[in-house]
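Below is one structure, written out as structure tokens, with a few remarks after it.
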Amino acid sequence: MIARVDIGRVGYEVEMGRATVEVVLPPATDLHELEALSAEAIGRLVRAAASCDMRVLGYGIQPRTPKSRRLMTPKQRYDALYRAVGKAWLHFTTTASDQVQVDISRAELLDAVNLLNVLSGPIIALTANSSVYAGRAGRFASGREGLLGALGGDRHGMTPRRFASLEDFLAFICGQTCYVLKQNGRYVRYGRPFISHLMAHGVDLDAYMVHEHYTWNSARPRALHGTIEIRPACQQPPDEPLAASALCLAFVEAMPELWAYLTERLKPDPWPAMAIYRREAIRLGVRAREPVTGFLAGLVQVAETALRARGRGEEQFLNPIHRRLETRTLPADRAVRFLRRGGVSALVERLSL
């Protein structure tokens, strides 16, 4: 099996689901460069798919095919994870996200983890695009986030609290069940808290990197790259491909200002209110009841101001976000409309890249 192809600086990798390709882009200095890199990379993928009579969708979940073990890419580690996690793991066979990594310093890491997790609800509310799955309209605007909630506990989604220190964050990660470890070149089931492995074997950075890779919080640090990875956005539609990347970059650029905004609007602790809002945003998207009146618009305005201050004209990429706010409609709503007018075939036609 060919698991990955690299062409120039772009990687194309088979994801957990056979129906999903991960397009791995190189670092970009700004959103304009990212747009150019992405357009070239995706264009190449679309042409390759068309030559095989296949479609590439700007969409966050398989609209027709439900999750199944048959859809799981036959990588050895995926089979080990399926045995460790159970059926909830199979939701990864159908879902597609628009993940962005933003360069941060070590001094920014704790704030980035805390802020981007607590803001995962607004990100979902403004980027949900996976409302039709298993051949029908589902109960979530973001089916991707809603279904992956079956992983349970604090393994996926928003973290349960604000971490007081890096040590506090690492204790949280190491206290979670370690699904698999790599031994003699193969992935084997472990099934105990990762701290148990550390207590038995001492410091083991390689094992930590395997364990940490299979935790799926909405924002997580990528130690190998020096970035914060922001995960909860669905794959965006063909006509608005950079909406999620622009929003997430803007949130990182505005971290100090957004903390001040959250403290002012949701004091003393934003976590309880934002956890409730996140659950509603997964169901209702941008129409979810906000924690306070005007909350989303205020967030986006603070973030846009910080993005504009970069002086690179990147604020134009937030235009789709503003339209979604103004109309209170999302790509998820369009997907349902396409389904009702012409079935899944019409949805596929309209969302093809």
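A few remarks follow.
- The one condition in (1) in a loop (DSSP other than H, G, I, E, B); (2) out of contact with any helix residue (DSSP H, G or I) (no Cβ under 9 Å at 6 or more places or on another chain) that Tyr59 fails to fulfil: (2)
Table: residues versus (1) within 23 Å of Ala233 (Cβ to Cβ); (2) in contact (Cβ under 8 Å) with a residue 60 or more places away in the chain.
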residue: Gly153; (1), (2): yes, no
residue: Met158; (1), (2): yes, yes
residue: Phe163; (1), (2): yes, no
residue: Glu167; (1), (2): no, no
residue: Ala171; (1), (2): no, no
residue: Leu181; (1), (2): no, no
residue: Tyr187; (1), (2): no, yes
residue: Arg192; (1), (2): no, no
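- Test: Arg312 is surrounded by fewer than 20 Cβ atoms within 10 Å (Cβ to Cβ) and in a loop (DSSP other than H, G, I, E, B): yes
- Candidate set from region 26-44 (those that are in contact (Cβ under 8 Å) with a residue 40 or more places away in the chain and not small (Gly, Ala, Ser)); member that is surrounded by the most Cβ atoms within 10 Å (Cβ to Cβ): Leu31
- From the list Val10, Val23, Val56, the one residue that fits, being surrounded by 13 or more Cβ atoms within 10 Å (Cβ to Cβ), β-branched (Val, Ile, Thr) and within 18 Å of the chain's Cα centre (by Cα), is Val23.
- Search result, residues across region 100-157 that are buried (at least 24 other Cβ atoms within 10 Å of the Cβ) and at positive phi: Gly157
- Residue satisfying condition, being touching a His at 6+ places or on another chain (Cβ under 8 Å) and farther than 21 Å from Arg77 by Cβ, within set Leu181, Leu147, Leu170: Leu147
- Hey, Ser196 outside any loop (DSSP other than H, G, I, E, B), at pLDDT 95 or above, farther than 28 Å from Ile321 by Cβ and of a type in the set (Gly, Ala, Ser) or not: yes
- Restricting region 78-88 to residues that are surrounded by fewer than 18 Cβ atoms within 10 Å (Cβ to Cβ) and not hydrophobic (A, V, I, L, M, F, W, C), the residue that is farthest from Tyr179 (Cα to Cα): Lys87
The values are calculated or read from the model by the stated rules, or taken from the named source; none is laboratory data. Because the structure is a prediction, the values reported are computed rather than measured. Neighbour counts are summed over all protein chains in view; Cβ atoms, including those assigned to glycine, are modelled from backbone coordinates with ideal geometry.
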